[in-house]
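A.B. asks: Input: one structure, supplied below.
The values are calculated or read from the model by the stated rules, or taken from the named source; none is laboratory data. Being a predicted model, the structure only gives us computed values, none of them experimental. Ideal geometry is used to build each Cβ from the backbone, glycine not excepted, and the neighbour counts take in all protein chains shown. What goes into the accessible areas is simple: the full protein's heavy atoms, side chains included, and nothing from ligands, DNA or RNA. Shrake-Rupley method; radii C 1.70, N 1.55, O 1.52, S 1.80 Å.
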Amino acid sequence: MTSIPEKRVFSSRLLSFLIFISMFFILISSSLLFRIGDNSLVPKSIYNLIVVNSVANEPKSISCKEKCPIKPFVSCDPNQAILKVFMYDLPPDFHFGLLGWTGKQNQIWPNVGNFSEIPKYPGGLNLQHSIEYWLTLDLLSSITQNVPRSCSSILVDNSSQADIIFVPFFSSLSYNRHSKIQGSEQSSTNDILQERLVEYLKGRDEWKRFGGKDHLIMAHHPNSMLIARWKLGSAMFVLADFGRYSNEIANVDKDVIAPYKHVVRTIDAKKSPSFEERPTLVYFQGAIYRKDGGVIRQELYYLMKDEKDVHFTFGSAIGGGVRTASTGMSSSKFCLNIAGDTPSSNRLFDAIVSHCVPVIISDEIELPFEDVLDYSKFSIFVPASEACKKGYLLKLLRGVKKEKWTEMWENLKQIAPHFEYEYPSKPGDAVDMIWKAVSRKMSSLHYKTHRKSRYNRSQKFLNAH
């Protein structure tokens, strides 16, 4: 006969077991609730927003001065990546060698698992076109253990298994730092590298397979790839805009527009100055006298320079200019993004991370990720012809009520993480968004390719069987 104490022990153990089982099923249910998928109970857009907001204010590991501690991390499943990428092993001359990096004998890539060994990209205005650097680092980290990252893209060894072929040429850095002819040289390093690149790609079977249409080339600086772009125009380019390209070389159907890397500091969403804390109505600081479409800057300057609540002055990145702009944008309600020598500028993205509502006056501008982001929810678009009418722009902006401005300000705080470049990459940041944009372009390319060759492929399949 079982004693009373033994019954109590048995009941206690049974209760503990039931509690354990209950907690287990609660965890499983939570996982299923929040998983991303077509059948998820939580909309994918909401899930992504939660993920982006949860990581937006974490420190950027690349800024560590000493060796940064790396937290244990389970590598993402290659089958979950939306983009499989094959990257050419170009010599360091084309990429990290341009940053002064030299590896060991026959070493092509730096060890991106040790953050202190990663070459730093030059600061100042060089940074605004550093997209090539962040994308290359991200690909290398996809095959590096213990580097937590977004899982949109992953590097593969076999080009036949890849969705796209990545060309790791730091073309913007090459233009910025190596476009001048030195001493007795006949050509600049930048020109020589472009010529070598064209020769290399044209000789590759991967290029010949689709005529380069499945290749991704970074040319974010408007003057980068000036020689090679005409010979490699069938490839997909990552660009700032189409201002200095003919439509046959670059267009919205095949190419990806990527954001500039902002140079002002990012405002913490929780500490962002509100409507009342931004005394300046309109802010613009930059080059005023520009050519081509940028002539409008001069016209607006003379229309607005004497208004008491308007800051419209000349400025540059040197001599504390970036720090001044950061302070000015974060204390202003509206920030002007006016066409200059090209339709786009870094100023738009400086405004976004400052939570200063962008006023876009650039009729030919192309915007990053506009197929998934509605810019009208956090920006104001004004045609150049209207903006130049005396009094029009100020009347428009002064007429924006506090409630409407606050709504746009809240939206800015939500979408700002989409324009952050960082290493390692995070879900929803600029690197992640670019890979997803490339994937969408590739889906369209594959559709057109398959449709065009449906009869040939069908015949080959029948002959093989």
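A.B. asks: Could you tell me whether the range 275-430 comes out rounded, prolate or oblate from its Cα gyration tensor? Rule is a ≥ b ≥ c as square roots of the eigenvalues, rounded for a/c under 1.5, then prolate if a/b exceeds b/c, otherwise oblate.
C.D. replies: Note, shape of the range 275-430 comes out rounded.
A.B. asks: Sort 340-348, 91-99 for me by packing, meaning the mean count of neighbouring Cβ atoms within 10 Å per residue, highest on top. Display every interim value, and only then the final one.
C.D. replies: Numbers: 340-348: 22.0, 91-99: 18.8.
Those peptides, ordered most packed to least, come out 340-348, 91-99.
A.B. asks: Looking only at the range 83-100, which residues have a backbone nitrogen under 16 Å from a spot 7 Å from the Cα of Ile227 in the C-beta direction?
C.D. replies: Flagged as within label range: 93-95.
A.B. asks: In this model, which of Lys271/Lys436; Lys401/Lys441; Lys84/Lys261; Lys377/Lys441; Lys404/Lys426 are farther than 28 Å apart at the alpha-carbon?
C.D. replies: Numbers: Lys271/Lys436 30 Å; Lys401/Lys441 39 Å; Lys84/Lys261 25 Å; Lys377/Lys441 24 Å; Lys404/Lys426 31 Å.
Beyond 28 Å between Cα atoms: Lys271/Lys436; Lys401/Lys441; Lys404/Lys426.
A.B. asks: Given R₀ = 45 Å, what would the calculated FRET efficiency be for Lys404 paired with Thr324, taking r from the Cβ atoms and rounding to 0.05?
C.D. replies: Details: r = 28 Å, r/R0 = 0.63.
The value I calculate is 0.95.
A.B. asks: Quick one: the Cα spread of the range 117-178 along its three principal axes, in angstroms, biggest first?
C.D. replies: The Cα atoms of the range 117-178 stretch 36, 26, 19 Å along their principal axes.
A.B. asks: Any idea how far apart Arg177 and Gln161 come out in nm if each label point goes 7 Å out from Cα toward Cβ?
C.D. replies: Result: 3.3 nm between the two label points.
A.B. asks: Each label point is 7 Å from the Cα along the Cα-to-Cβ direction; what then is the distance between the points at Asp374 and Asp268, in nm?
C.D. replies: 3.1 nm
A.B. asks: With Kirkwood's inverse mean 1/r over C-alpha pairs for Rh, give me the Rg to Rh ratio of the range 219-332, two decimals please.
C.D. replies: On the way: Rg = 18.2 Å, Rh = 17.0 Å.
Here Rg/Rh amounts to 1.07.
A.B. asks: Right, here's the next one. Roughly how many Å² of Lys404 are accessible to a 1.4 Å probe, to the nearest 10?
C.D. replies: For Lys404, solvent-accessible area is about 100 Å².
A.B. asks: Asn463 to Arg204: extension gain in nm, 0.36 nm per residue of separation minus the Cα-Cα distance? Display every interim value, and only then the final one.
C.D. replies: Details: separation 259, 0.36 × 259 = 93.24 nm, distance 2.77 nm.
Once the chain is fully extended between Asn463 and Arg204, it gains 90.5 nm.
A.B. asks: For the peptides 213-220, 118-125, what is the packing order when you average, over each peptide's residues, the other Cβ atoms within 10 Å and list the highest mean first? Write out the running numbers ahead of the final one.
C.D. replies: Numbers: 213-220: 24.2, 118-125: 15.6.
Ranked by mean Cβ neighbours within 10 Å, highest first: 213-220, 118-125.
A.B. asks: Classify the range 151-259 from the C-alpha gyration tensor, please: rounded if a/c falls under 1.5, else prolate or oblate depending on whether a/b exceeds b/c. Mind dumping the intermediate values first?
C.D. replies: Details: a/c = 1.77, a/b = 1.39, b/c = 1.27.
Verdict is prolate for the range 151-259.
A.B. asks: How would the range 89-142 be classified by its alpha-carbon gyration tensor: rounded, prolate or oblate, with rounded meaning a/c under 1.5 and the a/b versus b/c comparison settling the rest?
C.D. replies: Details: a/c = 1.63, a/b = 1.40, b/c = 1.16.
Verdict is prolate for the range 89-142.
A.B. asks: Once you put a point 7 Å from the Cα of Glu117 and another 7 Å from the Cα of Thr313, both along the Cβ direction, what distance in nm separates them?
C.D. replies: Using points 7 Å along Cα→Cβ, the separation is 4.7 nm.
A.B. asks: Averaging over every viewing direction, what projected area does the convex hull of the Cα atoms of the range 199-255 cover, in nm²?
C.D. replies: 3.6 nm²
A.B. asks: Set the Förster radius R0 to 30 Å, insert the Cβ-Cβ distance between Asp306 and Asp363 as r into 1/(1 + (r/R0)^6), and round the FRET efficiency to 0.05.
C.D. replies: On the way: r = 26 Å, r/R0 = 0.88.
Between Asp306 and Asp363 the formula returns 0.70.
A.B. asks: Report ³J(HN,Hα) in whole Hz for each residue of the range 337-343, in order, from the Karplus equation J = 6.51 cos²θ - 1.76 cosθ + 1.60 where θ = phi - 60°; Gly and Pro get x.
C.D. replies: Per residue, the Karplus-derived 3J(HN,Hα) values read 10, 10, 3, x, 5, 10, x Hz.
A.B. asks: When only the heavy atoms of the protein chains count and the probe is 1.4 Å, how do Ser331, Ser172 rank by accessible area, highest first?
C.D. replies: Ser331, Ser172
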